[in-house]
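Participant: Mind having a look at this structure? Questions to follow.
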Amino acid sequence: MKALFNHMTWAAAIAGLLLPLVLKGQERVFEISGNDQFAYPIIEKWIAEYSKENPGAQAKFVLGKEAGKTTAIRIVTNHSSGQEPDANQRVAYLGRYALIPVLNSNSPLLGDAKNGINKKDLKKLVFERNLEDDEALDDLDSGKKDKYTATVYSRGGGASTSLVLAGYFGQQADQIKGKKIIGDDIFLLNAIRKDVGGLAFNSLNYVFDLQTRKLKADLSILPLKLKSQQQAALNSKDIDQAISLLETTSIESIPVEQFGFLLSGNHAKDKELVDFIGWILDKGQSFNNQLGFLKLDSNSLAQQKERLKDVYYTQK
């Protein structure tokens, strides 16, 4: 019995020595979460391609799709909110997305606005009047009616895309007219398909079919007051022409926003995570257009790489 006890004790001791080595060799899992589902496809693509190129990496990245779940790596899609991260957080911007105005393909607005709506009239169409605006007060006093009408569909005021849309026009999200839709931005398209008078702003990867590269059935892009070549690119109903235009030109009435990851605590300086983000900035950009997103512009890309370099050297 004593011999058996000693044997068990030695076995336990050896296991105790080996266990840390096993744990050390185990794959580390980083979960990425966020409520903006339109960004999921490109993040899943980055994860898949990075994993192919780095099969021996000690870190595994997964996309968590539980609504409202909080993780150390969060998807951030509202760069223009003006809210700075906490002192122990960092933001890495990895791409851009555009919010394009679309409506039902049978909408009467297509005829009314066939010559293109300018940004000023689009703002009146989408937002409630600000009574502190002198022009709005003059219009009310004179009984002047809006030139264009539509039922605007948007997500609730706290949604990132609503904040981005409102911020681009210098408004607040609760000033967006029309009907609020609960859930993902894709539901906005379902709403305007059912409502011939509906209008919504939505991400390119939702508005276009990524296989055919053409505008989805039953949808039309709202005619905007643009230069002829710019209008031709949008009239083509081809996502690649739209992306090429939006990556090289600032188009009035189409908000373009950066998106990426918000990193909390020590994760902001974790080598495996820094390597993953560095790969996205170097190689992952090549997948952005394929999935309906814009690449970072050259200045923003250089800035993100420089910030990542600073993080890398502070680890040493």
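Participant: Would you please name the residue that is nearest to ARG96 (Cα to Cα), looking only at residues in the range 36-70 that are in a loop (DSSP other than H, G, I, E, B) and charged (D, E, K, R)?
Facilitator: My answer is ASP36.
Participant: May I ask you to list the residues in the range 249-275 that are charged (D, E, K, R) and part of a helix (DSSP H, G or I)?
Facilitator: Within the range 249-275, LYS269, LYS271, GLU272, ASP275 qualify.
Participant: May I pose another question? Determine whether the range 193-201 contains at least one residue that is out of contact with any Ser or Thr (no Cβ under 7 Å at 6 or more places or on another chain), over 23 Å from LYS295 (Cα atoms), at pLDDT 95 or above and assigned to a helix (DSSP H, G or I).
Facilitator: yes
Participant: So which of GLY167, GLY197, GLY178 is small (Gly, Ala, Ser) and under 17 Å from the mean Cα position of the chain (by Cα)?
Facilitator: GLY167
Participant: Identify, by number, the condition in (1) over 16 Å from GLN37 (Cβ atoms); (2) of a type in the set (S, T, N, Q); (3) touching a Ser or Thr at 6+ places or on another chain (Cβ under 6 Å) that SER244 doesn't meet.
Facilitator: Answer for SER244: the failing condition is (3).
Participant: Against the condition crowded, with 16+ Cβ neighbours inside 10 Å, in contact (Cβ under 8 Å) with a residue 12 or more places away in the chain, part of a helix (DSSP H, G or I) and among the small types (Gly, Ala, Ser), how does GLY278 come out, does it pass?
Facilitator: Here the answer is yes, as GLY278 does meet what is asked.
Participant: ASP240 is checked against (1) acidic (Asp, Glu); (2) touching a helix residue (DSSP H, G or I) at 6+ places or on another chain (Cβ under 8 Å); (3) not assigned by TED's automatic domain parsing to the domain that holds PHE208 and fails just one. What number does that condition carry?
Facilitator: (3)
Participant: Please verify whether the range 287-295 includes one or more residues that are outside any helix (DSSP H, G or I), more than 28 Å from ASN35 (Cβ to Cβ) and among the basic types (Lys, Arg).
Facilitator: Scanning the range 287-295, I find no residue that is outside any helix (DSSP H, G or I), more than 28 Å from ASN35 (Cβ to Cβ) and among the basic types (Lys, Arg), so the answer is no.
Participant: A further question on this structure: Determine whether LEU210 is part of a loop (DSSP other than H, G, I, E, B) and either surrounded by fewer than 16 Cβ atoms within 10 Å (Cβ to Cβ) or of a type outside the set (A, V, I, L, M, F, W, C) (or both).
Facilitator: Answer is yes for this residue.
Participant: Among the residues of the range 214-237, is there at least one that is polar (S, T, N, Q), in a strand (DSSP E or B) and either in contact with a Lys or Arg (Cβ under 8 Å, 6 or more places away or on another chain) or crowded, with 20+ Cβ neighbours inside 10 Å (or both)?
Facilitator: no
The values are calculated or read from the model by the stated rules, or taken from the named source; none is laboratory data. Just so it is clear, the model here is predicted, and its values are computed rather than measured. Virtual Cβ from ideal backbone geometry, glycine too; neighbours counted across all protein chains shown.
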